[in-house]
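One structure is given here, and the rest of the page talks about it.
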Amino acid sequence: MKRFIGFIKKEFYHIFRDRRSLFILFGMPIAQIMLFGFAITNEINNVDIAILDHSKDVTTEEIINKISASKYFSINQFIEKESDIETVFKKGKVKAVLNIEKDFSKNLIKEHKATIQIITDATDPNTANTISNYVNAILIQYQKELNKEITITYQTVPQTRMVYNPALKSVYMFVPGVMTIILMLVSAMMTSISITREKELGTMEILLVSPLKPFQVIVGKVFPYIFLSIINAVVIVLLSIFIFKMPVQGSLFLLALESILFIISALALGILISTISATQQTAMMISLMGLMLPVILLSGFIFPISSMPLPLQIISNIIPAKWFIIIIKGIMLKGVGIQFIWKETLILVAMTIFFIGLSVKKYKIRLE
Amino acid sequence: MKNNNVIQVEGLTKMFGDFTAVNAITFEVKKGEIFGFLGANGAGKTTAMKMLIGISNPTSGKANVAGFDVFTHAEDIKKSIGYMSQKFALYDDLTVKENITFFGGIYGLSRKRIKEKSAILIEELGLEKVANKLVGALPLGWKQKLSFSVSMIHDPKIVFLDEPTGGVDPITRRQFWEMIYKAANQGTTVFVTTHYMDEAEYCDRVSIMVNGKIEALDTPKQLKAKFEVDNMNDVFLKLARG
């Protein structure tokens, strides 16, 4: 036990004396959560639009007022002719142009039909889509007000209710993802680097010649990162509660247990990586390419798994992060208990056992 | 221990697939002896040494180190030996004192003993001024000497040195060998591999490995007489060219 404490103390010296690892450990989680929380967002706010109004009558003025009154859009400029549309888009600031046809009011009254064309800059397809939906919504609203007196006999009225994230805040989606990435990064990458570092330096050999048993060496190397990962998880949860007002609906205890489970599976992956790589650089490359990319792309963190091609959907099943994200989304947003996520938990447990078994086996082979 | 031998090896063999890295070597090392383990690169020195220090399992043969069998009691061997590898292997980002404390700790020394030991070591090596400096900042010669002292921190019966003087200047090499003699005089057996043939002259006995086999084993004086040459370099060349 005393040996173990000495070992851990040494490990902390390594961590605290290396600015790079300190930054990855503590700077990164905070920077990432802030970035994802504030900067990266699917919502639109104050998007610049231009208006090409061919009729300039009472109705179009009302519509334009409605649009400029919404917090989503601000009217950047009025243009006079069709050929200007291209020019404003090329300047880049304006993301959409509303093209209102000639004699709008007249058409509306006479033919009960008038047209507004919404032209969006689709270099960013998501934003373009959102803009056109929002403009549509404003127009429909206006139309309803016009037709207030008239009752239509048959009408389907969809009533939408967004549950678990009624305000559709993107931070709700990012927090579980960022937490997964950070835990993966700290646990898997940092441990694999710190173990391969000892191999590179030749100190691993010295440790193996010492009376310490190989598993004590590995546990000693890994333990500080379990501790630091848990701190990171706590910091992320606190930031999301207090800064982004994201509620944790479910049990914090369950959240903690599941996080520890995920941390252990990531650590096992880290050990596995360290057994197959000879240098710190290789370990880092394997961690980044082999772990981080799949976590970002295939875990359902940013891109929904259900809209992926089938082969990718199948591959996504072997990524522990996918299951962890399902679990923590369930706990944080839906407030579910273990009865709803036992299947995912079991998969994660099985994966963890598999990774630990594999790394023990690999480690023994290496010792030969 | 019978016959005062601290290392007793008989027909020790290591195969990697079809390749025989170490081919049935047999030798013994007496207590307090400085035993030189010579051979060209790839001759199998390091592999043989790794089997003796318990980090590589022999394929066949017998070996007894410090009274323990390498097959069955590798863990007991580890407590009785010290090891210094080719690569400088202290932690650059720990201070001199922290390194000593750490290695003392993993060898299970008590806190009091570590304190005594580190005071003695630091004084012997003249490192008082840099005791609280990071090891990374020390010149290579100092690091090497510190590394040797650290490998002896638990007063092992045998210390294994794998090319300990690689890349250090002649003065430091000289000082290093003085440290080795001192350790041997105090009863520690020294098992040392080296490339420098002048260092082979300092050993009590040397063995020369060629292609996994021990081709010669005797005192430097006898070897020179046997091969009718006047320095170890020529002995080595004669054998290696075989």
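The values are calculated or read from the model by the stated rules, or taken from the named source; none is laboratory data. It should be emphasised that the depicted structure is a prediction, and the values quoted were computed from it without experimental measurement. Positions of Cβ are generated from backbone atoms using ideal geometry, with glycine treated the same way; all protein chains shown enter the neighbour counts. Side chains included, ligands, DNA and RNA excluded: accessible areas come from the protein's heavy atoms. Shrake-Rupley method; radii C 1.70, N 1.55, O 1.52, S 1.80 Å.
Before moving on, here are some points about what is shown:
- Multiplying each eigenvalue of the alpha-carbon gyration tensor of the protein assembly as shown by 5 and taking the square root yields semi-axes of 73, 24, 22 Å, largest first, rounded to whole angstroms.
- In chain A, the longest principal axis of the Cα atoms and the axis of helix A:2-16 are about 40 degrees apart.
- Rounded to 5, the percent of DSSP beta bridges in the range A:47-146 classed as antiparallel: 30 percent
- Each Lys or Arg adds one and each Asp or Glu subtracts one; over the other residues with Cβ under 15 Å from the Cβ of residue A:330, this totals +2.
- The label-point distance for residue B:116 and residue A:343, in a model that sets each label 7 Å from Cα toward Cβ, rounds to 6.6 nm.
- 3J(HN,Hα) along the range A:64-75: 4, 4, 4, 5, 6, 6, 6, 6, 7, 10, 10, 7 Hz, from the Karplus curve 6.51 cos²θ - 1.76 cosθ + 1.60 with θ = phi - 60°, whole Hz, x for Gly and Pro.
- For residue B:59, the amide hydrogen comes within under 5 Å of the amide hydrogens of B:13, B:14, B:15, counting only partners 5 or more places away or on other chains and with H modelled in the peptide plane.
- Accessible surface of chain A, 1.4 Å probe: 65 percent of it comes from carbon and sulfur atoms.
- Pairs over the 24 Å Cα-Cα cut-off, from the set A:2/A:213; A:91/A:144; B:30/B:117; B:87/B:145; A:110/A:144: A:91/A:144; B:30/B:117.
- Cut-off under 5 Å, modelled amide H: who pairs with residue A:73 long-range: A:46, A:47
- Only protein heavy atoms count here, probed at 1.4 Å, and on that basis chains B and A bury about 2500 Å² of accessible area in total.
- Inter-label distance, residue A:285 to residue B:124: 4.4 nm, where each label sits 7 Å from its Cα along the C-beta direction.
- With the simple model of a label 7 Å out from the Cα in the direction of the Cβ, residue B:57 to residue A:147 spans 8.1 nm.
- Prolate/oblate/rounded call for chain B, Cα gyration tensor, a/c under 1.5 rounded: prolate
- Members of the range A:1-45 that become less accessible by 30 Å² or more once partner protein chains are added (1.4 angstrom probe, chain alone as reference): A:2, A:3, A:10, A:13, A:14, A:17
- Here the range A:47-146 is treated as a sphere whose radius is the Kirkwood value from Cα pairs; by Stokes-Einstein at 4 °C and 1.567 mPa s it diffuses with a coefficient of 94 µm²/s.
- GluC sites (Glu not before Pro) restricted to the range B:143-242 and DSSP loop, no more than 14 other C-beta within 10 Å: B:228
- Interface residues in the range B:52-71 - accessible area drops by 20 Å² or more relative to the isolated chain, probe 1.4 Å: B:55, B:57
- Model label zone, residue B:40; criterion: amide N under 13 Å from point 7 Å along Cα-to-beta-carbon; scope the range B:214-242: B:236-242
- With contacts taken as Cα pairs under 8 Å and at least 6 residues apart, chain A reaches a relative contact order of 18 percent.
- Of the residues B:149, B:110, B:56, the one that moves most in a GNM of chain B with alpha-carbon contacts below 10 Å is B:110.
- Potential lengthening between residue A:126 and residue A:12 on full extension [0.36 nm per residue; Cα-Cα distance subtracted]: 36.6 nm
- Membrane-span-like helices in chain B (whole DSSP H runs, Cα extent of at least 15 Å along the helix axis, mean Kyte-Doolittle hydropathy of at least -0.5): B:96-106, B:140-151.
- 27 Å Cα-Cα threshold exceeded, pairs from A:71/A:95; B:62/B:143; A:169/A:221: B:62/B:143; A:169/A:221
- Cα-based shape type of the range B:69-180, given that a ≥ b ≥ c are square roots of the gyration tensor eigenvalues and the cut on a/c is 1.5: oblate
- Relative contact order computed over the range A:47-146 (Cα-Cα under 8 Å; 6+ residues apart), in percent: 31 percent
- For the protein assembly as shown, the solvent-accessible area works out to 50 Å² per residue, with a probe of 1.4 Å and every protein chain left in place.
- Antiparallel beta bridges, as assigned by DSSP with both residues in chain A, represent about 30 percent of the total such bridges.
- Under 5 Å between amide hydrogens, built in the peptide plane, is the criterion, and for residue B:216 it picks out B:208 among residues at least 5 positions away or on other chains.
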